Structure formats: structure tokens, C-alpha cells
Amino acid sequence: MAHKKSDAADITGHVDKSYRKWGYLALAVFVFFSVILFSSYFRDNSKVEAPQIENTQLPEFPDSEQATGETTLKIPELYPDKQPNIVEIIPDVGFDEQTGRFDFVSVLHSSLHSAERPEKRQEVLDLTLAWLHSLPPDEAVALIQDLLDSGIDFEINMPFRVGQGGVLRSHPWLRVAALDWLGQLSPEAAMDYARIIFEQSGSADEWAVALRNYGRLIDPGTDEYFSKQVQRHISNEKWQAAPTGGFAEGFDALVYNQQYELIPDLIDLSQTTSIHHLLASTVLDNLVQHDREATIPIIAQHSDLFGEQSPQRALLMARADPRSPELRRIIEDYFLDSKITIEEKKVFADLFPHFSGFHAHRLLSTDYIYPLKVQAEIDFLTLNMIGLWKNNKTFFEYYDLLSTIKERLSFFVNAAYEGSLIKSY
């Protein structure tokens with residue numbers, strides 16, 4: 001509404017075939033030493049020694065005279081302020097002699113072992129993604145799938161943080177990052193791999209990214225398989241008992257997929273005293289904001305699930321759009337319902353019509369914000385409706401509450417008129 005500002009959340013090459021092998025070798029040193037290079041200083045033509053980590057198997061670097069070639073390594077443009085050329089003698093490291101394939105998994109895992117802090121481990125992941133983007137897509141996808149198929153994981157210990165377009169800005173685990181990378185580099189391959197995650201993975205964080213990877217290639221509400229996986233995610237008792245960031249973010253798939261049949265389950269969950277109260281309440285509010293006409297009738301139908309007094313129910317009902325005849329009837333019935341306490345109706349009176357909310361980046365869904373002009377027009381319509389209620393003897397006992405609504409809306413409608421958002425007042 002014109003008088004309520006929404007919170008905004010912050011957001012978020014090429015390897016020549018003839019030198020492909022040396023490009024892989026460059027990654028071995030590039031990723032392995034990224035933490036060391038960024039945490040100290042750069043020296044031209046200096047020899048970098050591999051750190052010794054107890055109980056960690058790192059690639060063994062032979063002496064320089066045993067090297068088979070050299071290459072020039074550049075810090076990717078992900079860090080434009082650090083672009084020195086680092087020329088090193090690169091040994092034949094990271095290749096399986098039998099298969100001739102680059103051991104991407106071992107090099108990446110060892111590099112993460114050398115990073116002592118979560119922020120540095122995340123930096124290794126960011127540098128690795130930049131390198132993957134420099135490869136032909138098929139090769140990059142194959143390396144990521146090898147990593148996922150290996151079953152190897154590593155705790156990054158960073159938050160499950162969603163950025164613009166549903167891409168993760170930080171990752172709690174290596175496998176979560178790999179699924180995120182796959183979704184960026186090949187949406188089709190990521191959708192296929194999501195099925196493997198749904199069948200085999202016990203990680204809520206992995207499931208959340210898999211839901212994103214699968215869901216964004218379907219039409220919401222049309223894929224029965226996807227709907228089933230969404231329900232499995234939110235109803236997993238093990239994940240409910242120890243919820244992670246990915247478990248919570250995965251609920252956005254329910255909003256995106258328009259699974260309104262789960263609204264009663266969300267209402268039940270929102271009435272608990274645990275952490276699930278906030279999660280379920282937020283998801284319910286997001287559902288209503290995405291489709292008021294589809295969700296508010298269901299909420300009204302299951303109103304008894306909220307208990308005798310519920311500020312949450314008042315907030316959701318206050319989101320009704322009075323331009324809809326059906327929603328006007330529902331909120332009239334709600335306001336006149338003798339089972340709804342006067343305290344709850346005061347909450348409703350302070351909000352209706354309610355357009356403000358918390359807006360953030362999400363895995364799949366996007367926020368819809370009413371344009372200021374539309375909000376002003378709805379305020380004007382609501383003001384006229386409240387005037388009719390005040391003159392109706394059926395609403396007589398709520399005359400003072402209605403006066404409160406009218407006074408508030410009169411102020412905002414007048415401001416909208418002076419700001420030329422509405423033509424008459």
C-alpha cells in the first residue's frame with residue numbers, strides 16, 4: 001500500500017582443445033592454492049609449496065625439473081581487483097594414468113581441506129565455479145556429475161543463502177554447491193539429477209536445491225511427481241526435528257507449485273510453539289500474497305484450526321482484495337463472526353487492506369508487489385465500503401472499529417489524491 005513500504009532483501013574462458021590438458025592442470029594449482037594466494041600476497045615467479053595438513057591426502061608435487069610443462073594462471077574476473085599473472089611450472093598432477101581423466105574431485109576436496117575458515121572454503125567454491133564456466137558445458141557437467149556420483153562431501157559451514165534468481169550465494173556443504181552449479185550450467189541435466197536426489201539423498205539441503213532444479217522447468221501445478229516430492233520434503237519428520245536452512249527454503253516450492261491443498265497442514269504447523277510456527281506462518285502469508293482469491297476462501301473454510309484468538313488469522317484475512325465480490329463477502333462474514341474476539345478484529349482493523357510484507361530472494365517463487373496506483377485505488381474502494389458498513393445497522397456494535405479503519409484510510413487516500421495517484425476523492 002502507498003503507506004506501507006515493503007522490506008527489500010539484498011540480493012546477489014575458454015580452454016583451447018589443444019591445451020585442454022594444461023587447462024585441467026591449471027585448475028589443480030589454481031583451486032588448490034586459491035586460499036593461500038588470497039590470504040597472503042602475490043609474488044611473481046615464486047614457487048608455492050603445498051601446505052602440510054595432518055590426516056589429509058594432498059596431491060604430491062614433484063620437483064620442478066620433473067615437470068612436463070608450464071602455463072600461465074590468471075585470477076578469474078570474479079575478483080577483478082586481483083588480476084596478476086602467476087607463472088608456475090605445473091607438474092602432471094591430478095590425472096589418472098589409466099583413464100587419462102583429470103581427478104577433479106580429489107583436487108577440489110584437498111583444496112577445501114587447506115581452507116581453515118568457512119569464508120575461505122566458500123571462496124574456493126566460487127573460484128571453482130568460475131573455472132567450470134570457462135570449460136565447454138558438456139565437460140563441466142561431467143565433472144560435476146562425477147563429484148556428485150562419488151558420494152564425497154565436505155562441510156563448508158556457510159549458511160544456505162539464496163540470491164537473485166534462486167542461485168545460492170553461499171553453501172553449507174560441497175554437494176549442495178555441486179547441485180547449485182549443475183543447475184546453473186545445465187538446467188536439463190540438473191532436472192534429471194534431481195530425481196536421483198529425491199530417491200537417494202537424506203539431506204534436506206540437497207532436496208531444496210533439487211526441488212529448485214526440477215521445479216523451474218515445469219509449469220506450476222501440472223506435475224504430479226513434483227507435487228509428491230514437495231509434500232515429502234515438508235512432511236519429513238527427521239528434518240522437522242532438526243530443521244536446516246535448506247529445509248526452510250524448500251517450502252518455497254509449495255508456494256511456487258500452488259499446492260493449496262496443503263494449507264490446512266500449514267495452519268496446523270503454524271499453531272505449534274516450535275520454530276515451525278514462524279516457518280509455516282511465513283509460507284502461509286506467501287501463499288496468500290501470490291493468489292488471494294484462491295487461498296483466502298480455503299483459509300476461511302478452515303478458520304477453526306486457528307483457535308479462538310489468532311492475530312495470524314487476522315493478518316491473512318486482512319490481505320483480502322475488496323475488488324473481489326467473493327472476498328468482500330468472506331471478510332464481511334469474518335468481521336461479523338461472534339466467535340472472533342474483539343482483540344483479533346482490532347488487529348484486522350489496523351491492517352485491512354493489507355499489502356505490506358517481507359520480500360526476499362527465493363528458490364522458485366517471485367514476489368508480486370501491487371503498484372502504488374493500484375494500492376491507492378484499493379484504499380479508495382475500501383474506504384467507500386467501510387462507509388457503507390458504518391451505515392448498516394448490522395455492523396453497529398463495531399462502529400468504533402470501523403471509524404478507526406475509515407480515519408486511517410482517509411489519510412492515505414487524501415495523500416494519494418494529492419500525489420495524483422487517484423483522480424477523485
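The values are calculated or read from the model by the stated rules, or taken from the named source; none is laboratory data. These numbers were taken from a predicted model, which means no experiment stands behind them. Ideal geometry is used to build each Cβ from the backbone, glycine not excepted, and the neighbour counts take in all protein chains shown.
For segment 222-234, does any single residue satisfy the condition of being out of contact with any His (no Cβ under 9 Å at 6 or more places or on another chain), surrounded by fewer than 16 Cβ atoms within 10 Å (Cβ to Cβ) and outside any helix (DSSP H, G or I)?
Looking for residues that are out of contact with any His (no Cβ under 9 Å at 6 or more places or on another chain), surrounded by fewer than 16 Cβ atoms within 10 Å (Cβ to Cβ) and outside any helix (DSSP H, G or I), one finds at least one in segment 222-234, hence yes.
Pairs needed: first member in segment 195-212, buried (at least 24 other Cβ atoms within 10 Å of the Cβ) and assigned to a helix (DSSP H, G or I); second member anywhere, modelled with pLDDT of 95 or more and among the acidic types (Asp, Glu); C-beta distance under 7 Å; at least 6 residues apart or different chains.
From residues that are buried (at least 24 other Cβ atoms within 10 Å of the Cβ) and assigned to a helix (DSSP H, G or I), the pairs are ALA208/GLU249; VAL209/ASP180.
At least 1 residues that are in contact with an Asp or Glu (Cβ under 6 Å, 6 or more places away or on another chain), closer than 23 Å to LEU363 by Cα and at pLDDT 95 or above in each: list the helices (runs of 4 or more DSSP H) lying fully within segment 104-189 that qualify.
Here the list reads 174-185.
So which residues in segment 126-156 are of a type in the set (S, T, N, Q) and more than 12 Å from PHE104 (Cβ to Cβ), if there are any at all?
Matches in segment 126-156: SER134 only.
Any idea which of (1) under 23 Å from LEU316 (Cβ atoms); (2) surrounded by fewer than 13 Cβ atoms within 10 Å (Cβ to Cβ) is the one ARG362 doesn't satisfy?
(2)
Would you say PHE355 is within 22 Å of LEU401 (Cα to Cα), among the aromatic types (Phe, Trp, Tyr), modelled with pLDDT under 95 and buried (at least 19 other Cβ atoms within 10 Å of the Cβ)?
Yes: the conditions hold for PHE355.
From the list ASP285, ASP321, ASP367, which residue is in contact with a Leu (Cβ under 6 Å, 6 or more places away or on another chain) and surrounded by 15 or more Cβ atoms within 10 Å (Cβ to Cβ)?
Only one candidate qualifies: ASP321.
Which helices (runs of 4 or more DSSP H) sit wholly inside segment 268-360 and have at least 1 residues that are closer than 19 Å to ILE378 by Cβ, under 25 Å from the mean Cα position of the chain (by Cα) and of a type outside the set (D, E, K, R)?
By residue number, 276-290, 292-301, 311-318.
Answer yes or no: is there a residue in segment 255-266 that is buried (at least 23 other Cβ atoms within 10 Å of the Cβ), modelled with pLDDT of 95 or more, part of a loop (DSSP other than H, G, I, E, B) and under 15 Å from the mean Cα position of the chain (by Cα).
For segment 255-266, residues buried (at least 23 other Cβ atoms within 10 Å of the Cβ), modelled with pLDDT of 95 or more, part of a loop (DSSP other than H, G, I, E, B) and under 15 Å from the mean Cα position of the chain (by Cα): present.
Six or more apart or on different chains, Cβ atoms under 7 Å: show the pairs whose first residue is in segment 230-259 and of a type in the set (Phe, Trp, Tyr) and whose second is not in a helix (DSSP H, G or I).
Filtered contacts from segment 230-259: TYR256/PRO220; TYR256/LEU364; TYR256/SER365.
For a quick check of your reading of the model, give me the residue pairs whose first member lies in segment 113-140 and is within 17 Å of ASP153 (Cβ to Cβ), whose second is crowded, with 21+ Cβ neighbours inside 10 Å and polar (S, T, N, Q), with beta-carbon atoms closer than 6 Å and at least 6 apart or on different chains.
GLN122/SER170; VAL124/SER34; VAL124/SER111
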